[in-house]
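**Q** Here it is, the structure in full.
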Amino acid sequence: MTHPNEPGFGPDPTGSSSGDSTHTATLAERRRAVRSHKAKRDLKRLAWILLGLVALIAFLVFFAKRDDVEPLVSKPITPPAATQMAPEKVTPAEAKPAKAEPEAKPEGTYYTFRDGDRMFQLFGKSGALKVQQANPELIKDINRIRKGDTVLVPADVKIHKMPAFRIVDCSRTRKGFCEYRNPGGDKMCGVRSHEKALTSPQEYGLTAEQAATVMGDKGERVLLPSGTRLSALSFGHGHWQGPVVLMKDMLAHRKAVIGGKTYLEFDACCNLATMEVPPEPVPLEPEPIPEPPPAPVEEPPPVIPEPPQEPKEPEEGPPPVPPLSAFPVENELEWEAIVGAGVWNNGLANGKWWYGEGLLSVKLGDGYSLGIGPFYAAGKGESETSAYTWRESTGWGPQVGLKRNYRAEQTDEFGQTVLLPAGWQLKARFLSHDKVSGGNPESGYHNTQWGKKIGVYGEYFERKSLDWLYGVSGEIWHYYDGRIRSTWSGDKPQDRGSWNANVYAQYRINDDWQARGIAGVAHQNWDRLNYLNLTAEMRYRETLMFGPRLSLALNKPDTYRDIGRGDLTTLGAFVRLELGGIIRQKDREVREESVVFVGPTTDPVDEGAVAPAPMSASPEAEGGYLPVAYEAPPVGAEQAVVPATENPEVTSSWGPSSDSGP
Amino acid sequence: MSKIGWNVLFVALLVTGCATAPNAIRLTDGEGKEAKVVRSMGIDPVMFSGLPWTDALKNGNFVTVLGVFPGTPESYAEWDPLRIRYQAHAVGASGREYAAYAVFAGFINCVPRYFVVVEGLQEPLADVKAITLSTLLTRAYDLQGKEVKVDAAKLQNSAAYRRELIEREGTSLAAVRPIQGMQRAFDGWSVYDTKSGRIATPLDEAKVKYLSGINPQYSYWEKVTGSARASVSPDYVSTSVGIVFDLIAATKVKAQGFDYESVMSRSQQGYNLAVLEALRQAGEKSCRIAEMKERSRP
């Protein structure tokens, strides 16, 4: 958005379009005035250049240091072996086949077995036999391979790669690669009709006859070993379209083969599935129960008989919970606020600016939100060639905003698809009392201009990786209904409209520092000046934000025909300190210091503590359960509610006396 | 006072005092000024790191029974690896109310469970019934883990309603398994003074301090402290505008305590899930061992 630090944000500081005394001065006088301020101006420029250099050096230093900093996510996280889907290929030069035969330059590659690997799946039927022949010492039984063994894969054997792991929002798409880890977690048994699932075009799309075939045949019982790939899976509340890998051995019935696909029904959950390759029946012998490890660490607790469950009443769902805040629907509202301030300086004038805006939005779902809020901007400046000064303010005005935040698919440095934040927003603003007033006390000149402004602001951003974020933004202001009151009758209201468009990129240098670069063009209607704006912003721990800003004039309108282009170049800077993080850190320290260790519960020094009751007052009391010294009130004897003051067990250090309330 | 002075005062108020008052929910009886406070239940996270070290607990004047950790999303949302205590309450047939606490016991017999400690009893009487409650007392469960309907406002303000509710929906202490040895377990715990009261906890000092350091953002000033940007710029106008925005924005900040409506970071959610899953697997393993032992008996 345009901030009022644009050169000439106020009235034309040269006074060329106003009735200022400098307007009536001759060109020679104005040039003399400019020259008289040259030394002062050069000094300020030098200061700004130094500031820019310091910022640049800081940027370079932190950028250089970044290599020393362990980035948050710069390396692929090594998943457990069971979830590494891409077979690991090792070149012969890298492999260390300690157990392999010492052959010189074997033809082929080496492969290291992992959890879940199956010979036939990896190499195919013929390939598996070839691999076994090539590694007779390591693979004596083709069905028994050991994790970690590195084997030679002959050159003519192809390793069937599993699909690369693709991160998708599974709950929404229910497509893509999936692992089936929790059989029975969402059962079809008694929840969903098989017939509907089989005939649904979204699931299997079978005809009624085909569905009847699948449902009518009990089928052969087969064991699907861990690692088996399914092509689709239906469960209690949905359907998964895409490769599904079983992560544990499961029993199923092979129901039918239709269209080259084998239809299966799992024993444990009645879930339906299809697979491309027919499963081979596995003799189902009762598996021996493995002997439990000797002397388990802890004695398992005794089986506790649960009291009989009362017959369940029809569930009506939990009652509505009263809201915890003054707002009726707490989750549906969000608030954002932005403030900023800065200074600027060019060859003709210098000034300050500040602004603030807020937006209270209602979430509409799917990332959309619509909101309203206030907008305010103001500034002041002074000419460097005369005593002319001015102040300006947009006044408080309303704005309406529509925005959407969502997650877009991006490809990370490992070639994986990841979901990262993206969004856009549109804001419309109305300022009914835009005001500029200025004057020169030496000449007695004074003017005040009022008008109205309508503005539109738009922004789009995408995070391309964990380190980089890119965005574009633009803003346009239309000015109308301008009026002026001036000591010079020739003054006319200026058109105070403007527009700008920017692109920006933000880079995370390390955990503490981020840098943002902004480049854009801007146009201001009152003097028809076009600018190229360049801004660098450094952000330290979201606490300190600062940076320089440079505006280069792209043209030189007639208004400035007697002035060098260099004088239209504007240098600016902004700084903002956010103390929220420091306050929260201090608050945490105060809270932590409020904890004082008193001693162990058995410590007699404990103020007010009474020695615990004897644990073994009698053999029956072993274990601390003391059914003695209890005076049970006769049933029905107590009818009145016992208030806390009469109930010493309740009024304790935990009771009202210790509560001071917020 | 100058505007800068007001700003400094505002920041100073945030840093000292105002934002650190303890939070508690009171069980009362009666209305208005006539209301009597029956029980005060702290809701600061540090207060859930242990049990309030009351005379009853010191003296062994309590009973412990086994309850089921409710399987509702709200209950799991309130679970935390460092949270020892959960809310509970008990009422006798006579209407007498007993302070009760639920202590997470892990997975026993394949099911997540509580030890429900009821003060003021030496024996799990049949006519004393108990329920467990969500952190802010907005949901209630019997000791089998079944959710029961509750009017949260009445629950907090009416002893008659509490008696009627717990009598109707609560679980008799005699109907569930008693637990022995709780007093012995307490002997290994430590006592800490916190700003909200004295607690006994099995956690070490660092963990108690960590929990104490959490700003739960229940009260308005806690929300301000927890959310304010407190932006200071060279110009007092934008500084003041920023502070006004902070004060307005604080009204919409969600709490960060242990109640199920609080928010937590996704990394914390992931950590909690990982710990709970490890507990579940350990529980499942011991469950299988028990089953195998049972089968192998002649």
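Throughout, read-outs are computed from the coordinates displayed, never taken from laboratory work. Everything numeric in this text was worked out from a predicted model, so none of it was measured. Ideal geometry is used to build each Cβ from the backbone, glycine not excepted, and the neighbour counts take in all protein chains shown.
**Q** Over 22 Å between Cα atoms, which of A:427/A:453; A:427/A:464; A:427/B:223; A:44/A:453 qualify?
**A** Correct reply: A:427/A:464; A:427/B:223; A:44/A:453.
**Q** Nearest 10 degrees is fine. How inclined is helix B:159-169 to the longest principal axis of chain B, computing both from alpha carbons?
**A** Result, in degrees: 50.
**Q** Please give the helix B:236-249 orientation as an angle from the longest Cα principal axis of chain B, in degrees from 0 to 90, rounded to the nearest 10.
**A** Between helix and principal axis, roughly 20 degrees.
**Q** Which value in nm describes the separation of the simple spin-label points at residue A:141 and residue B:111, placed 7 Å from the Cα toward the beta carbon?
**A** In this crude label model, residue A:141 to residue B:111 measures out at 4.2 nm.
**Q** Treat each spin label as a single point 7 Å out from the Cα along the C-beta direction, and report the residue B:180 to residue A:435 distance in nm.
**A** My value for the distance between the label points is 8.5 nm.
**Q** Work the Kirkwood hydrodynamic radius out for chain B: mean of 1/r over every pair of different alpha-carbon atoms, inverted, in Å.
**A** Computed over chain B, the radius equals 21.1 Å.
**Q** Also, quick follow-up: Efficiency by 1/(1 + (r/R0)^6): what FRET value for residue B:168 and residue B:247, r their Cβ-Cβ distance, R0 = 51 Å, to the nearest 0.05?
**A** 0.70
**Q** Can you compute the label reach from residue B:275? Point 7 Å from Cα along the Cβ direction, backbone N cut-off under 18 Å, restricted to the range B:51-91.
**A** Counting backbone N atoms under 18 Å from the label point, the list is B:51, B:69-70, B:74-87.
**Q** When A:411, A:601 are ordered from fewest to most other Cβ atoms inside 10 Å of their Cβ, what list results?
**A** A:411, A:601
**Q** Sticking with this one: Once fully extended, how much extra length lies between residue A:416 and residue A:465, figured as 0.36 nm per residue of separation less the alpha-carbon to alpha-carbon distance? It would help to have the intermediate numbers written out before the result.
**A** On the way: separation 49, 0.36 × 49 = 17.64 nm, distance 1.13 nm.
16.5 nm is the gain from fully extending residue A:416 to residue A:465.
**Q** Expressed as an acute angle from 0 to 90° and rounded to the nearest 10, what is the orientation of the C-alpha long axis of helix B:266-296 relative to the principal long axis of chain B?
**A** 10 degrees
**Q** How much length, in nm to one decimal, is gained on full extension between residue A:334 and residue A:589, taken as 0.36 nm per residue of separation minus their Cα-Cα distance?
**A** Going from the current span to full extension adds 88.9 nm.
**Q** With charges set only on the Cβ (+1 for Lys and Arg, -1 for Asp and Glu), what does the dipole of the range B:44-298 come to about its Cα centre, in debye to the nearest 20? Could you put the intermediate results ahead of the total?
**A** Numbers: 30 positive and 28 negative charges, 105 e Å.
Dipole about the Cα centre, nearest 20: 500 debye.
**Q** Quick check on packing: order A:135-141, A:382-388, A:522-528 by the mean number of other C-beta atoms within 10 Å, highest mean leading.
**A** Working: A:135-141: 14.0, A:382-388: 22.3, A:522-528: 18.6.
Top of the packing list down: A:382-388, A:522-528, A:135-141.
**Q** Further, regarding this structure: Given the pairs B:129/B:254; A:352/A:452; B:58/B:209; A:187/A:248, which are separated by over 25 angstrom at their Cα positions?
**A** Values: B:129/B:254 34 Å; A:352/A:452 22 Å; B:58/B:209 23 Å; A:187/A:248 17 Å.
In this structure, B:129/B:254 exceed 25 Å between Cα atoms.
**Q** Hey, another quick one. Just to verify a number: FRET efficiency for residue A:241 and residue B:291, C-beta to C-beta distance, R0 = 35 Å, to 0.05?
**A** Using R0 = 35 Å, I get an efficiency of 0.40.
**Q** Also, quick follow-up: Say each of residue A:511 and residue A:133 gets a label point 7 Å from the Cα, pointing the same way as Cα to Cβ; how far apart are those two points in nm?
**A** 5.7 nm
**Q** Using DSSP to define loop residues, name the trypsin sites (Lys or Arg not before Pro) in the range A:210-245 whose beta-carbon has at most 13 other beta-carbon atoms within 10 Å.
**A** Hits after loop and neighbour filter: A:218.
**Q** Treat the count of other C-beta atoms within 10 Å as a stand-in for reagent exposure and order B:240, B:134, B:296 from fewest to most.
**A** In increasing order of surrounding Cβ atoms, one gets B:296, B:240, B:134.
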